[in-house]
Amino acid sequence: MDMERISRVGIRAAYRAGEILNDFFNRSFKVSKKGDIDLVTEADVASEQAVIATISDSFPDHAILAEESGGSGGAGPYEWIIDPLDGTTNFAHRLPLFAVSIACRLETQMIFGCVFNPVNNELFSAVRGQGAQLNGQPVCTSRVGTVAESLLVTGFPYTVRTIAPEAILSRFTRCLTAAQGVRRLGSAALDLCCVACGRFDGFWEE
């Protein structure tokens, strides 16, 4: 298993997708709906196509599971999991908080992952057993020891209009009143990366 090559290809795919997202972000693009409040844009599709092409060129026998196009590729033990634009609603509203997220697993074990925020040019990456990095520098979670001192981040499900919101609001209220603060960025991938590098102290989502 050539982890260096897997990491290199995954990161190259993320950068290519990031270039596409930045290009679309600075011009007009088509927006459609997958659900009541679940959006998809031309940028999602173009980003995904670039990631798949980059990975398939290097690993034609690897399986791929992508958000917009579903499963493709080979049937071997390696599978790449792709979210070409996490934070699509932000993107559609010209809010510069979004990312491309790519992971690779060997059978049931995740072995590589990266999240690229093209607006801030921040690349979060991790290889199993080697820790996590931000733009090539090691990162670690915060050392805050209590919820009262913690800055938390959360998200809300796309089904929020069709389910009873009481449980979501109850948990949100408990966290809001217990923590130092609560934020909602609109990109779960960036939320988790911010926890990984210590910017946030915890994350939850219903």
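The values are calculated or read from the model by the stated rules, or taken from the named source; none is laboratory data. Since this is a predicted model, take the numbers as computed values, not measurements. As a convention, Cβ positions derive from the backbone with ideal geometry for all residues, glycine included, and neighbour counts pool all protein chains shown.
Please work out if residue 65 is surrounded by 21 or more Cβ atoms within 10 Å (Cβ to Cβ), among the aliphatic types (A, V, I, L, M), part of a strand (DSSP E or B) and at pLDDT 95 or above.
No: the conditions fail for residue 65.
Would you pick out the residues in the stretch 116-141 that are in contact with a Cys (Cβ under 9 Å, 6 or more places away or on another chain), among the polar types (S, T, N, Q) and not in a strand (DSSP E or B)?
141 - this is the single residue of the stretch 116-141 that is in contact with a Cys (Cβ under 9 Å, 6 or more places away or on another chain), among the polar types (S, T, N, Q) and not in a strand (DSSP E or B).
Would you pick out the residues in the stretch 69-113 that are among the polar types (S, T, N, Q) and touching a Phe, Trp or Tyr at 6+ places or on another chain (Cβ under 6 Å)?
From the stretch 69-113, those among the polar types (S, T, N, Q) are 69, 72, 88-90, 101, 108-109; that's our starting set.
Result: 90, single match.
When you scan the stretch 121-135, do you find a residue that is out of contact with any strand residue (DSSP E or B) (no Cβ under 7 Å at 6 or more places or on another chain), over 24 Å from residue 47 (Cβ atoms) and surrounded by fewer than 17 Cβ atoms within 10 Å (Cβ to Cβ), even just one?
Yes, that holds for at least one residue.
Output the number of the condition that residue 98 fails; it satisfies all remaining conditions of (1) within 14 Å of the chain's Cα centre (by Cα); (2) outside the structural domain of residue 17 (by TED's automatic domain parsing).
For residue 98, the exception is condition (2).
Would you be able to tell me the number of residues in the stretch 25-48 that are assigned to a helix (DSSP H, G or I) and in contact (Cβ under 8 Å) with a residue 24 or more places away in the chain?
The total comes to 7.
Criterion first (touching a Ser or Thr at 6+ places or on another chain (Cβ under 6 Å) and closer than 30 Å to residue 61 by Cβ) does residue 126 satisfy it?
No: the conditions fail for residue 126.
Residue under question is residue 140, and the condition is that it be within 16 Å of the chain's Cα centre (by Cα) and either more than 22 Å from residue 184 (Cα to Cα) or not hydroxyl-bearing (Ser, Thr, Tyr) (or both); does it hold?
Judged against the criteria, residue 140 is not a match.
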